[in-house]
Amino acid sequence: MMNQLASNRLALITGGSQGLGAALVAHYRAQGWVVREFSRSGQSDAHVSADFAEPDVAVMTLDAHFAEFATQPWDEVLLINNAGMLSPIAPLPQLQDAAIAANLNVNVMSAIRVIAAFMRRFQDVAATKTVVQISSGAALRGYGSWSLYCAGKAALEHFIRAVAVEQAGAVRPVVCISLDPDVMDTRMQAEIRGTSADDFPDVARFIARRDKLRTPESVAVYVAGVVASGPEGGARYDIEEAD
């Protein structure tokens with residue numbers, strides 16, 4: 001079936017069922033790319049079921065698709081690591097170990113393992129290859145009650161910088177970048193606004209920004225523009241700097 005695909009550009013997107021991920025899926029499909037999105041709840045024919053809170057199972061699923069796609073003659077291959085979770089939102093002493101593990105499994109363990117699996121399969125593929133790790137201002141600034149989310153985003157940014165150093169010497173390098181999409185009108189923002197001030201003291205600031213949120217569609221256009229521009233490996237791209 002895959003040898004019948006007409007496009008020679010492949011976009012692999014995690015967390016593609018809603019918000020920015022869904023906007024990215026729609027954008028790249030409209031541009032004629034072959035797209036697969038990996039999430040728990042996607043509905044389109046591009047969807048592959050994957051729960052990143054269970055890294056072993058999720059990565060096995062993705063790796064099987066990566067292995068099959070890597071046999072095809074692509075001109076360009078793109079991985080956008082967008083899957084992530086904010087909860088639990090609460091001060092650290094209130095967090096249960098199971099909730100801590102679930103958050104870090106999605107935001108750190110699965111994210112790193114997905115990129116590792118992608119590189120194992122596509123490192124030697126003769127194509128333009130880009131990995132985009134979707135980041136956040138939380139990678140740079142500490143928010144009370146977001147300790148896990150902040151830690152995960154910061155860890156992945158430094159991970160991307162280190163992998164970019166490795167790839168700088170590769171024969172067929174994968175360009176790895178971080179990208180901060182700013183604050184968007186997504187379900188995550190609704191979750192934030194619905195949090196009590198006791199659990200998240202900064203909630204009023206996010207409520208006040210409700211009418212100033214970016215649309216996922218506009219951010220998807222920005223992401224695609226960065227990818228098309230030939231980004232610098234290890235760099236951090238921030239949509240606010242492009243305004």
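The values are calculated or read from the model by the stated rules, or taken from the named source; none is laboratory data. Note that the coordinates shown come from a computational prediction; the quantities given were computed from them, not determined experimentally. No Cβ is skipped: glycine too gets one built from the backbone with ideal geometry, and neighbour counts run over all protein chains shown. Just so you know, the surface numbers come from the protein's heavy atoms only, side chains and all, with ligands and any DNA or RNA stripped out. Shrake-Rupley method; radii C 1.70, N 1.55, O 1.52, S 1.80 Å.
So, in the stretch 84-127, exactly how many residues are open to solvent by 20 Å² or more (accessible area, probe 1.4 Å) and either of a type in the set (Lys, Arg) or within 18 Å of the chain's Cα centre (by Cα) (or both)?
Residues flagged as open to solvent by 20 Å² or more (accessible area, probe 1.4 Å) and either of a type in the set (Lys, Arg) or within 18 Å of the chain's Cα centre (by Cα) (or both) within the stretch 84-127 amount to 14.
Of all residues in the stretch 218-243, count the ones that are modelled with pLDDT of 90 or more, of a type in the set (D, E, K, R) and open to solvent by 70 Å² or more (accessible area, probe 1.4 Å).
Summing the residues that are modelled with pLDDT of 90 or more, of a type in the set (D, E, K, R) and open to solvent by 70 Å² or more (accessible area, probe 1.4 Å) in the stretch 218-243 gives 3.
Considering every residue within the stretch 202-217, establish whether at least one is at pLDDT 95 or above and not β-branched (Val, Ile, Thr).
yes
For the stretch 49-101, which residues satisfy the criterion of being of a type in the set (Val, Ile, Thr) and under 30 Å from Pro231 (Cα atoms)?
If the condition is that a residue be of a type in the set (Val, Ile, Thr) and under 30 Å from Pro231 (Cα atoms), then Val59, Thr61, Thr71, Val77, Ile80 are the ones that fit.
What residue, of Ala102, Ala116, is closer than 25 Å to Leu148 by Cβ, part of a helix (DSSP H, G or I) and either charged (D, E, K, R) or without any contact (Cβ under 8 Å) to a residue 24 or more places away in the chain (or both)?
Ala116
From the list Ala11, Ala70, Ala83, which one is under 25 Å from Pro173 (Cα atoms), small (Gly, Ala, Ser) and touching a Leu at 6+ places or on another chain (Cβ under 7 Å)?
Just one listed residue meets the conditions, Ala11.
Pick out the one residue from Arg40, Arg36 that is modelled with pLDDT of 95 or more and not small (Gly, Ala, Ser).
Sole residue among the options that is modelled with pLDDT of 95 or more and not small (Gly, Ala, Ser): Arg36.
When both residues are 6+ apart or on different chains and their Cβ atoms are under 7 Å apart, which pairs have a first residue that lies in the stretch 231-243 and is basic (Lys, Arg), and a second that is open to solvent by less than 50 Å² (accessible area, probe 1.4 Å) and outside any loop (DSSP other than H, G, I, E, B)?
Arg236/Glu157; Arg236/Ser178; Arg236/Asp180
How many residues does the stretch 128-149 contain that are buried (at least 20 other Cβ atoms within 10 Å of the Cβ) and assigned to a helix (DSSP H, G or I)?
In the first step, residues of the stretch 128-149 are kept if they are buried (at least 20 other Cβ atoms within 10 Å of the Cβ); the result is 129-136, 139, 145-146, 148-149.
Within this subset, residues satisfying the condition of being assigned to a helix (DSSP H, G or I) are 139, 148-149.
So the answer is 3.
Conditions: (1) of a type in the set (A, V, I, L, M, F, W, C); (2) open to solvent by 30 Å² or more (accessible area, probe 1.4 Å); (3) at pLDDT 95 or above. Ala11 meets all but one. Number of the miss?
(2)
What are the residues in the stretch 131-182 that are over 20 Å from Pro216 (Cα atoms) and in contact with a strand residue (DSSP E or B) (Cβ under 7 Å, 6 or more places away or on another chain), if any?
Result: Leu156, Glu157, Ile160, Val163, Ala164, Gln167, Val174, Val175, Cys176.
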